[in-house]
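For reference, the structure discussed in these notes is given below.
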């Protein structure tokens, strides 16, 4: 019988724990096992996040778990292979990496704080990330609570739609 290593268990935990949190504010669907080539979750924001309604804008999520710590500036670094960065940069919707810390495995029920990296923004600003082998990207946002996650989802909806920042 094949063994399941701890990294896969932590990764699985991160995806489904984040999916639970995102599902409070957007329609979230997992990518089926065996078809994940760099995206873990498909997400659609709602026109009215408080009550749902029609799906509004899409974004995709790649979830990573780490035992690492934030830097002095408060950002969370994470290293990605260039071929993954290139794949994400070519997608038709925003792609965010969500970094979930798991320093004391197994975790409690809370995944807060977690960290967000805007992959598409990074590659637009730094096209050299599409070359080479690996690059470390840094989070632009720390999400400490459900309220901050709600604000992030709402902000992204407005930013991507051109309705203001």
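The values are calculated or read from the model by the stated rules, or taken from the named source; none is laboratory data. Since we're looking at a predicted model, the values are computed, not measured. Neighbour counts run over all protein chains shown; Cβ positions are idealised from the backbone, glycine included.
Conditions (1) over 16 Å from the mean Cα position of the chain (by Cα); (2) modelled with pLDDT under 90; (3) in a loop (DSSP other than H, G, I, E, B), marked per residue:
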site: 88; (1), (2), (3): no, no, no
site: 105; (1), (2), (3): yes, yes, yes
site: 132; (1), (2), (3): yes, yes, yes
site: 137; (1), (2), (3): no, no, no
site: 155; (1), (2), (3): no, yes, no
site: 165; (1), (2), (3): yes, yes, yes
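Would you be able to tell me the number of residues in the stretch 57-86 that are touching a helix residue (DSSP H, G or I) at 6+ places or on another chain (Cβ under 6 Å) and closer than 15 Å to residue 41 by Cβ?
3
Name the residue that is farthest from residue 146 (Cα to Cα), counting only residues in the stretch 53-72 that are part of a loop (DSSP other than H, G, I, E, B) and without any contact (Cβ under 8 Å) to a residue 60 or more places away in the chain.
Filtering first and then ranking leaves 72.
Kindly indicate which of 27, 98, 32 is more than 21 Å from residue 137 (Cα to Cα) and either modelled with pLDDT of 95 or more or in a strand (DSSP E or B) (or both).
27
Hey, residue 112 hits all of (1) part of a strand (DSSP E or B); (2) in contact with a helix residue (DSSP H, G or I) (Cβ under 9 Å, 6 or more places away or on another chain) but one; which does it fall short on?
So residue 112 meets the others, but not (1).
With the requirement that a residue be modelled with pLDDT of 90 or more and more than 10 Å from the chain's Cα centre (by Cα), what does the stretch 35-57 give you?
42, 43, 44
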